[in-house]
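Participant: Got a structure for you, written out below as structure tokens; questions coming shortly.
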Amino acid sequence: MSPNQRLIVAVLLSVIFFVGYTAIFPPVTPEVPQDAKVEVAQNSNVGDASRVDTNINVEAQAGHSIVAAERTSSSNLVTVTNENFILKLDTLGRISSKELLEEKFRDKEDNHAQLIPSSGTKPLYIRFMDENLNKEASSVAYTTDVNEINVDGSAKTVTLTQRLSSLTVSKKLTFFEDGHYDVDISLSEDKRYFVYLGQRPRVNEDEQMMTVVGAMVYTDDEIVTIIADGDAEGRQSFSGVELLSAFDQYTATIMYGLSKDRTIVVERDRDDNPVVYFDGTQNLNFSAYIGEKNYKTLESINPVLTNAIEYGWFTFASKPLFALLSWLHGIFGNWGWSIIALTAIIRFVLYPLTYKGMVSMQKMKDLAPKIKELKERYKGDPQRLNQATMDMYKKNGANPLGGCLPMLMQIPVFFAIYRVLLNAVELQGAPWMLWINDLSRMDPYYIMPILMGGSMFLQQRMTPNNFTDPMQEKVMKWLPVIFTFFFVTFPSGLVLYWFVNNLFSILQQFIVNQQFKNAKDALKAAKEEK
């Protein structure tokens, strides 16, 4: 394969990997053979990895029907208000709804975002192992000591009580203005029961793209396990859990602060979506959060919650990049200018690598005529041709892979920043300038994607090449068009990053081209003087 062919393959692979990988191959849990028999992790095995058994009868092991838990109906009992949200508790002691009041969370119909789906299990739902007790609990309403509370400025507590024929259940809930709440559950007698995390939020799903949604479990050994919607299979159990989350692109339902020996169970519903719950005890305490995955908010509540912001395989690079982006926002006060500054910093760090690649490609272009002569001279003798070609490269300090390798080495960096800009809720509703008033949404006028495509075309025209195959040249010419169509529906923040990155590449390529031109002019002038 020639250097030019390798370059084209590298570019095409980067397009497929960078744009299509998340959508086509989202993170999934490993498949377990149908005949496998794996024991469920015991509570005492703190820090054990999840174990899956696809042969067990889910409902028999859980002691209840997942479908029944989803369909139970109720009415609202308590309303918790704040300047940023309205939360409601129902007569079954569950969080039945949470409405975000900030303008940036309005949907296309101008409705406020609703974080609790109307169907499916809901946060704080209790299901008893004893079916008779559970049947009674599903028909006896909780009572409350207060029907309305406001948590602007200070935390407020509400106590829910359910009096059954043989058992009294008490839920003491303390709500805070930042969206988190503390839970204290107590039973008059020790009965086995389960507490549900609830289904994930489903906010503006038609606008979410190439993001994984589902359930997450983060354990004390810093392992993140994602069970994506549609991929839940069998049963998984976890211990040593720091947090459990049901999430979409920008929001999540999170529970944390559980004892490390408590087992968290993930099962599947009728649509193979994950359902998360855990065993309760007579006296149970933990904390929870429902809201946007804003880094500063989560960190202020509890630093462990920042692990609920998931960047995929490139988390190791994405986390520090977001930290840098957030720091820049503290300086500029605008996420658009912060993205531009971040792009400049990344280009500065990668400058030696990209410069070396550009110089190598320029040398390869200058050597193209001589390489063509060698091909004619040693036609029919590939061994001599290969040796002569390598000698030519070595003599002139050229590397046939010099243009490809720097490009390939930059892909992880590009993919990491791509994940940051795609998952940062901070960009939602964040304006940049002129017509760009929301960096998390596509450009309504398609101006940014067109500018990006135009800058890529200009960069391509300035980049030296030595194509010998007309088909290769045509493929490269069409790449800007392909990228433009890819980026039409991308968030404006991501398109802005790529556009600015292209501008820096154009500037750098201009400098390199000018250096080679000046060197040639100097050499020509020296020969004329002789």
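Participant: Would you confirm whether or not the stretch 129-151 contains a residue that is surrounded by 14 or more Cβ atoms within 10 Å (Cβ to Cβ), among the β-branched types (V, I, T) and free of Cβ contacts under 8 Å to residues at least 60 places away in the same chain?
Facilitator: Looking through the stretch 129-151, at least one residue is surrounded by 14 or more Cβ atoms within 10 Å (Cβ to Cβ), among the β-branched types (V, I, T) and free of Cβ contacts under 8 Å to residues at least 60 places away in the same chain.
Participant: List the strands (runs of 3 or more DSSP E) inside the stretch 137-241, counting only whole elements, that have at least 2 residues being under 25 Å from V265 (Cβ atoms).
Facilitator: Hits in the stretch 137-241: 156-163, 168-175, 180-187, 193-196, 214-219, 224-228, 236-238.
Participant: Something else about it: Assess whether V512 counts as being closer than 21 Å to L350 by Cβ and at pLDDT 80 or above.
Facilitator: No, not satisfied.
Participant: In contact with a Ser or Thr (Cβ under 6 Å, 6 or more places away or on another chain) and aromatic (F, W, Y): which single residue out of F278, F238, F286 fits that description?
Facilitator: It is F238.
Participant: Further, regarding this structure: So, in the stretch 323-360, how many residues would count as being open to solvent by less than 50 Å² (accessible area, probe 1.4 Å), over 22 Å from M452 (Cβ atoms) and either in contact with a Lys or Arg (Cβ under 8 Å, 6 or more places away or on another chain) or in contact (Cβ under 8 Å) with a residue 60 or more places away in the chain (or both)?
Facilitator: Number satisfying all stated conditions: 3.
Participant: What number goes with the only condition from (1) modelled with pLDDT of 90 or more; (2) open to solvent by 30 Å² or more (accessible area, probe 1.4 Å); (3) more than 17 Å from P201 (Cβ to Cβ) that S237 does not pass?
Facilitator: Of the numbered conditions (1) modelled with pLDDT of 90 or more; (2) open to solvent by 30 Å² or more (accessible area, probe 1.4 Å); (3) more than 17 Å from P201 (Cβ to Cβ), the odd one out for S237 is (2).
Matching residues to (1) of a type in the set (V, I, T); (2) modelled with pLDDT of 95 or more; (3) open to solvent by 20 Å² or more (accessible area, probe 1.4 Å):
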| position | (1), (2), (3) |
| --- | --- |
| S154 | no, no, yes |
| K172 | no, yes, yes |
| D178 | no, no, yes |
| I185 | yes, yes, no |
| D190 | no, no, yes |
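Participant: How do the pairs read when you match residues in the stretch 503-527 that are under 16 Å from Q362 (Cα atoms) and hydrophobic (A, V, I, L, M, F, W, C) with residues anywhere that are open to solvent by 80 Å² or more (accessible area, probe 1.4 Å) and modelled with pLDDT of 70 or more, using Cβ under 8 Å and keeping only pairs 6 or more apart or on different chains?
Facilitator: Final answer for the pair search is I506/L458.
Participant: Would a scan of the stretch 91-99 turn up a residue that is of a type outside the set (A, V, I, L, M) and surrounded by fewer than 18 Cβ atoms within 10 Å (Cβ to Cβ)?
Facilitator: Yes - at least one qualifying residue is present in the stretch 91-99.
Participant: Looking at (1) open to solvent by 10 Å² or more (accessible area, probe 1.4 Å); (2) of a type outside the set (D, E); (3) under 25 Å from I301 (Cα atoms); (4) in contact with a strand residue (DSSP E or B) (Cβ under 8 Å, 6 or more places away or on another chain), which is the only condition I223 fails?
Facilitator: So I223 meets the others, but not (4).
Participant: How many residues does the stretch 129-171 contain that are within 35 Å of the chain's Cα centre (by Cα) and under 18 Å from R192 (Cβ atoms)?
Facilitator: The number of residues fulfilling the criteria is 1.
Participant: Against the definition (in a helix (DSSP H, G or I), modelled with pLDDT of 75 or more and polar (S, T, N, Q)), how does Q387 come out, yes or no?
Facilitator: Spelling it out, Q387 is indeed in a helix (DSSP H, G or I), modelled with pLDDT of 75 or more and polar (S, T, N, Q).
Participant: If you check T161 against the conditions, is it free of Cβ contacts under 8 Å to residues at least 60 places away in the same chain, within 19 Å of I301 (Cα to Cα) and open to solvent by 20 Å² or more (accessible area, probe 1.4 Å)?
Facilitator: So T161 fails the test.
Participant: A further question on this structure: Would you tally the residues in the stretch 296-322 being closer than 25 Å to F85 by Cα and more than 13 Å from the chain's Cα centre (by Cα)?
Facilitator: Within the stretch 296-322, residues that are closer than 25 Å to F85 by Cα and more than 13 Å from the chain's Cα centre (by Cα) number 10.
Conditions tested, residue by residue: (1) open to solvent by less than 10 Å² (accessible area, probe 1.4 Å); (2) touching a helix residue (DSSP H, G or I) at 6+ places or on another chain (Cβ under 8 Å); (3) modelled with pLDDT of 95 or more.
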site: L258; (1), (2), (3): no, no, no
site: D279; (1), (2), (3): no, no, no
site: Y289; (1), (2), (3): yes, yes, yes
site: Y295; (1), (2), (3): no, yes, no
site: E310; (1), (2), (3): no, yes, no
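Participant: A follow-up question, please. Going through the stretch 260-277 one residue at a time, which ones are open to solvent by 30 Å² or more (accessible area, probe 1.4 Å) and within 24 Å of the chain's Cα centre (by Cα)?
Facilitator: R268, D271, D272 - these are the residues of the stretch 260-277 that are open to solvent by 30 Å² or more (accessible area, probe 1.4 Å) and within 24 Å of the chain's Cα centre (by Cα).
The values are calculated or read from the model by the stated rules, or taken from the named source; none is laboratory data. Predicted, not measured: the structure shown is a model, and the values here were computed from it. Backbone-built Cβ (ideal geometry, glycine too); neighbour counts: all protein chains shown. With ligands, DNA and RNA removed, areas are computed over all heavy atoms of the protein, side chains included. Shrake-Rupley method; radii C 1.70, N 1.55, O 1.52, S 1.80 Å.
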